[in-house]
Amino acid sequence: MDWRDIPSLSALRAFEAAARLESYSAAARSLNVTHAAIAQHVRALETHFDQSLMDREGRRMVPTRAGRRLANDLANGFAEIAAGVRTLMEARGDGPISLTTTQTFAENWLMPRLSGFWSGCPDIPLTIHPDDRLQDLRRAGHHLGIRYGRGVWPGVEARFLTSANTAVVAHPALAAQLPEDYAATAPGAAQMLTTLPWVIDEGYGEFSSWLSAQGLNQDDLTGTRLAGNTLVLAACRAGAGVSMQPHAVIERDVEEGRLVLLLEQCDAELGYYIIRSPGPVPARVKVFTDWLITCAAEC
């Protein structure tokens with residue numbers, strides 16, 4: 001490749017910002033340049049490629065089909081550049097560890113234990129980003145992620161952290177509405193639970209699989225469907241309905257009597273995994289990873 005055939009990075013960066021924000025003015029503010037500079041860069045690229053890259057639609061500047069394709073490629077390229085720069089800077093070991101995990105796991109498993117890490121390693125800064133989406137760790141700038149599943153995700157290395165045996169739980173007052181002869185080990189236990197109201201996390205994919213294994217489906221249940229397990233747990237703790245949860249999330253609620261365990265099912269592969277991008281591991285990240293593993297082993 002002859003690098004002389006590639007337009008200036010300033011022009012490409014200006015165009016990517018304009019296409020993403022659909023505004024020359026917004027792109028100018030984000031790059032701390034003038035509106036005229038953005039427009040000039042876009043015109044220069046259109047001349048270079050001999051085709052239109054942006055069209056006006058009302059007050060917006062919208063990329064053409066060719067412009068959208070170029071903008072997507074540029075966004076990916078700039079993200080890779082940024083990730084490479086972060087990787088090199090992190091090798092110095094003076095930045096905080098960035099961890100992403102689900103809101104539910106952060107609130108119910110990680111945060112109650114984290115004071116132990118801060119007490120033992122006060123010189124290692126840590127930032128936590130609760131997010132239920134499975135992100136590209138390298139591009140998002142995260143050293144580690146903790147995710148729920150079976151440990152198989154493309155492009156990352158996964159290490160088992162703690163089991164996530166599924167548990168069906170309810171507030172004690174709601175559980176008391178079950179027949180006196182209810183027993184978790186009874187063959188029809190799952191069917192008996194359908195007589196109670198449920199609160200269901202719409203994003204909890206394992207729930208449908210569990211129901212199918214019991215010969216049930218969601219149409220057999222009455223109750224409320226909520227977006228996000230934080231809301232589901234709050235409703236369950238308040239007695240609004242029965243809920244299926246990873247055991248690691250509700251173990252303290254059960255131990256302290258806020259919830260009653262009605263059913264439990266084990267799965268050797270399903271659990272929470274520590275994930276990271278392949279490559280060298282900064283020393284401070286290894287210290288935190290080892291602490292997580294030790295902490296989980298003590299549970």
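The values are calculated or read from the model by the stated rules, or taken from the named source; none is laboratory data. A quick note: this is a predicted structure, and the numbers were derived from the prediction, not measured. So basically every Cβ, Gly included, is an ideal-geometry build from the backbone, and we count neighbours across all protein chains shown. We work out accessible area using only protein heavy atoms, side chains counted, and drop any ligands, DNA or RNA first. Shrake-Rupley method; radii C 1.70, N 1.55, O 1.52, S 1.80 Å.
Worth a mention:
- Test: residue in region 162-172 that is open to solvent by 50 Å² or more (accessible area, probe 1.4 Å) and β-branched (Val, Ile, Thr): no
- Residues that are open to solvent by 70 Å² or more (accessible area, probe 1.4 Å) and among the small types (Gly, Ala, Ser) were ranked within region 210-251; the one that is nearest to Gln103 (Cα to Cα) is Ala227.
- Members of region 189-244 found to be within 19 Å of Leu174 (Cα to Cα) and in contact with a Lys or Arg (Cβ under 7 Å, 6 or more places away or on another chain), listed by number: Ile200, Arg237
- Strands (runs of 3 or more DSSP E) lying entirely in region 206-295 (those with 1 or more residues that are within 30 Å of Cys121 (Cβ to Cβ) and under 23 Å from the mean Cα position of the chain (by Cα)): 243-246, 271-276
- Residue identified as in contact with a Gly (Cβ under 7 Å, 6 or more places away or on another chain), touching a residue at least 40 places away in the same chain (Cβ under 8 Å), part of a strand (DSSP E or B) and closer than 30 Å to Ile274 by Cβ among Ile200, Ile146: Ile200
- The sole residue among Asp253, Asp290 that is in contact with a Leu (Cβ under 8 Å, 6 or more places away or on another chain) and acidic (Asp, Glu) is Asp253.
- Residue count for region 45-84, restricted to those that are more than 27 Å from the chain's Cα centre (by Cα), in a helix (DSSP H, G or I) and crowded, with 16+ Cβ neighbours inside 10 Å: 4
- Residue in region 271-287 that is surrounded by fewer than 17 Cβ atoms within 10 Å (Cβ to Cβ), more than 30 Å from Arg139 (Cα to Cα) and not hydroxyl-bearing (Ser, Thr, Tyr) present: no
- Cβ-Cβ distances below 9 Å connect the following pairs, each with a first residue in region 65-83 that is in contact (Cβ under 8 Å) with a residue 60 or more places away in the chain, a second residue that is open to solvent by less than 40 Å² (accessible area, probe 1.4 Å), and a separation of six or more residues or different chains: Leu74/Leu12; Leu74/Phe15; Leu74/Glu16; Leu74/Ala19; Phe78/Leu12; Phe78/Glu16.
Yes/no per residue for (1) in contact (Cβ under 8 Å) with a residue 12 or more places away in the chain; (2) of a type in the set (A, V, I, L, M, F, W, C):
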site: Pro122; (1), (2): no, no
site: Arg138; (1), (2): yes, no
site: Leu161; (1), (2): yes, yes
site: Ala184; (1), (2): yes, yes
site: Ala189; (1), (2): yes, yes
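- Selection within region 99-120 - without any contact (Cβ under 8 Å) to a residue 60 or more places away in the chain and either open to solvent by 10 Å² or more (accessible area, probe 1.4 Å) or in a loop (DSSP other than H, G, I, E, B) (or both): Met111, Ser115, Trp118, Ser119
- Within region 164-185, one or more residues are assigned to a strand (DSSP E or B), under 30 Å from Val285 (Cα atoms) and in contact with a strand residue (DSSP E or B) (Cβ under 6 Å, 6 or more places away or on another chain).
- Residues that are over 11 Å from Ala240 (Cα atoms) and either open to solvent by 50 Å² or more (accessible area, probe 1.4 Å) or of a type in the set (S, T, N, Q) (or both), drawn from region 173-191: Ala176, Gln177, Pro179, Glu180, Asp181, Ala184, Thr185, Pro187, Gln191
- Checked against (1) under 30 Å from Gln214 (Cα atoms); (2) in a strand (DSSP E or B), Gly151 passes all but a single condition, namely (2).
- Against the list (1) open to solvent by 50 Å² or more (accessible area, probe 1.4 Å); (2) among the charged types (D, E, K, R); (3) touching a strand residue (DSSP E or B) at 6+ places or on another chain (Cβ under 9 Å), the condition Arg138 fails is (3).
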